[in-house]
Amino acid sequence: MAQVRRAPPRVGFGPRDSGVRVVGGDRRLRLLRRLVGPDADLGTKRLCQGCAEITGMSGAGIMLMSGDLPQGSICTTDAVSDLIEQLQYTLGEGPCVDAFRQDSPVAEPDLAHPVSPRWFAFGPPAVDAGARAVFGFPLQVGAIRLGALNLYRDRPGRLTDEQHADGLVLANIAADAILVLQADAPPGMLAVELEAGADFQYVVHQASGMVAVQLGVSVAHALIRLRAHAFANERQVADVAEEVVARTLRFGDPKAGESRVS
């Protein structure tokens, strides 16, 4: 688990903050004013709320990724957006995952009836939760890829050109904000400002290491096995991981499957 540092919970985005790049011209400045308000402070919770409000979406979430794998979300706006992030983490598929891997925006304006189905595991539970349209925008600063901004709406429909343009700039602002917040964190540790409202599934990483030892495979392959077990049993990967860490579930021989420990 990342070490907690003593630091202010929010970051300033006023005119003297030289850590944020000025990109997007007038649109960026306009969106920054709407995001930060008169106190020129922007935390992760407000960042997610602002992204949803500005684009007219039902909710939003921001997921960090590394090596094409979801690492967890730094913020969500409601129960549906939280479930969307959980599903993407458990299943390894969805709008944020595709936006990050493809390095381009991803849109599914009718999740219940897509023209070309692509998220066979993610789609049905997301629809059942109330998401009817989902959109992903990659978070990137130069060559540094950080994750993706996820937007969802409770009714189907495409983004307007203005909403799409705002989504691109908001993703850019979010990426800059993450870098500013993370700038003073010790190497290999997450800034307390990012960790405060985040869900980084530390138990899953711990369980992956244990399963890797049990199976004699890489940690990446162990995570795949955890996700496959969770999906096959219609459970969240974090719940399965907790059982592994508690040693009530053990992954044995790959051909023999998993076993309960009494």
Test for Gly157: is it open to solvent by less than 40 Å² (accessible area, probe 1.4 Å), closer than 28 Å to Arg33 by Cβ, in contact with a Pro (Cβ under 7 Å, 6 or more places away or on another chain) and part of a loop (DSSP other than H, G, I, E, B): yes
Condition (residue is surrounded by fewer than 19 Cβ atoms within 10 Å (Cβ to Cβ), touching a Cys at 6+ places or on another chain (Cβ under 7 Å), at pLDDT below 75 and under 30 Å from Leu151 (Cβ atoms)) applied to the stretch 208-223: is it met by at least one residue? no
Selection count, the stretch 81-107, where residues are in contact with a Pro (Cβ under 6 Å, 6 or more places away or on another chain) and farther than 20 Å from Leu223 by Cα: 3
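Quick one: is Leu168 over 15 Å from Met63 (Cβ atoms) and surrounded by 22 or more Cβ atoms within 10 Å (Cβ to Cβ)?
No; evaluated as a whole, the condition is false for this residue.
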Restricting the stretch 225-249 to residues that are under 12 Å from Gln206 (Cα atoms) and acidic (Asp, Glu), which is most open to solvent (accessible area, probe 1.4 Å)? Glu242
From Gly67, Gly94, Gly61, Gly43, which residue is small (Gly, Ala, Ser) and open to solvent by 50 Å² or more (accessible area, probe 1.4 Å)? Gly67
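The values are calculated or read from the model by the stated rules, or taken from the named source; none is laboratory data. Computed from a prediction, not measured in an experiment: that's the story for all the values here. Quick reminder, even Gly has a Cβ in these numbers, built from the backbone with ideal geometry, and neighbours come from all protein chains shown. Surface areas here come from the heavy atoms of the whole protein model, side chains and all, with no ligands, DNA or RNA. Shrake-Rupley method; radii C 1.70, N 1.55, O 1.52, S 1.80 Å.
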